[in-house]
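What follows draws every value from the coordinates through simple rules; no lab data is involved. Everything numeric here is computed off the predicted structure, so don't read it as measured data. Glycine gets a Cβ as well: all are built from the backbone with ideal geometry, and neighbour counts include every protein chain shown.
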Amino acid sequence: MDLKLRPNLVNLLLAFGALFLITGCFCSSSREPEVEQPDVYIDESNTAASNKTLAPAPSAPKQDEGDFIVEHLEIETPRYKEIDRQVKEAKLLENAADKLNQAFALPRNIYLRTKDCKEVNAFYDTNDASVTMCYELMEDLYRTFKKSGISDDQAYRKMNDAVRFVFLHEIAHALIDQYKLPVAGNEEDAADRCSAYINLKELGDEGLRAVYAASDAFAIESKQGDNRERSLADEHLLQEQRFYNSLCMIYGSDPKKHQTIVDKGYLPKERATRCQWEYQRAVDSWIKLLEPWRKN
Ligand SMILES: [Zn+2]
């Protein structure tokens, strides 16, 4: 897909706008798709927003010695130049940085970037404390969804939603690193849980769509027969596990509302019985970890 030729590029910008307007906590996959759509994106009509707030403001936040800062880097890939121009013009990253800076004290600057990376990726770089969303990853997600057999518009919407999940996953890495948060387990899983927590608890319908889109991407990618040994050795959980974990977080956030996930067999009952506890544990943990750094 050539992003600059998409007629509904504005959808992407709107998705970014929603993404970067988050005021709460802020918190890679890449492979060739195919296979049928797992169609776990269900119960869409049943997604009332839950705009509960995060933890109460701490009485004495940590010293604020940095900011989220936007950096616009030169785009070398011609087909990404148009979308890059629009992202800059709409000041999407700048708006996100403003909101983040209002919400969190930082021990040093964290840089936010969107750019072409010459690889399908999104990442937090501890060396310069930067979060980068690569246009190649957006393109790859679009192709992943498109090859599952859905329409262009559906694939585009799902790509937008999945990007929100990925961005928050990378922000989680940034916060873990800069706040030196304890992680008693796999950090990739912790970042997934943070992203799911923020999406499900803070972002209403958009957040729910983001976690569903991510779970769909995990499911599709899990069926692509990638190098099994490499996958097993990877620091990320297997895509199958990320798929079930995402569904577990969705179900656990409101079992009654999302009962269809279990009824249709997407999530085994044996796992589902634990999900409400798992979700609440993730929420409570992230609230507690971030509380000392919150400004309001
Ligand atoms: Zn990660």
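About its Cα centre, what dipole magnitude does segment 70-177 give when the only charges are +1 on Lys and Arg Cβ and -1 on Asp and Glu Cβ, stated in debye to the nearest 20?
Values: 16 positive and 20 negative charges, 63 e Å.
For this selection, approximately 300 debye.
Excluding same-chain residues fewer than 8 positions from K256, which aspartates and glutamates have a Cα within less than 13 Å of its Cα?
Once the sequence-local aspartates and glutamates are set aside, what remains near K256 is D43.
Near K180, which lysines are there with a Cα under 19 Å away, not counting those fewer than 8 places off in the same chain?
K180 reaches K62, K288, K295.
Name the aspartates and glutamates eligible as straight-distance cross-link partners of K223: C-alpha to C-alpha under 13 Å, and not fewer than 8 places from it in the same chain.
Of all the aspartates and glutamates, those that pass the test against K223 - Cα under 13 Å, at least 8 places apart if same chain - are E32, E34, E36, E240.
Under a Cβ-only charge scheme (Lys and Arg +1, Asp and Glu -1), can you give me the dipole magnitude of segment 180-296 about the Cα centre, in debye to the nearest 20?
With only Lys, Arg, Asp and Glu charged at Cβ, the dipole is about 400 debye.
Between their Cα atoms, which of K81/K158; K91/K146; K115/K147; K147/K257 are more than 26 Å away from each other? Walk me through the intermediate numbers first.
Values: K81/K158 22 Å; K91/K146 29 Å; K115/K147 24 Å; K147/K257 30 Å.
Beyond 26 Å: K91/K146; K147/K257.
Jot down the radius of gyration and Dmax of segment 169-296, Cα atoms only, both in angstrom.
Calculated on Cα positions, Rg and Dmax stand at 14.9, 47 Å.
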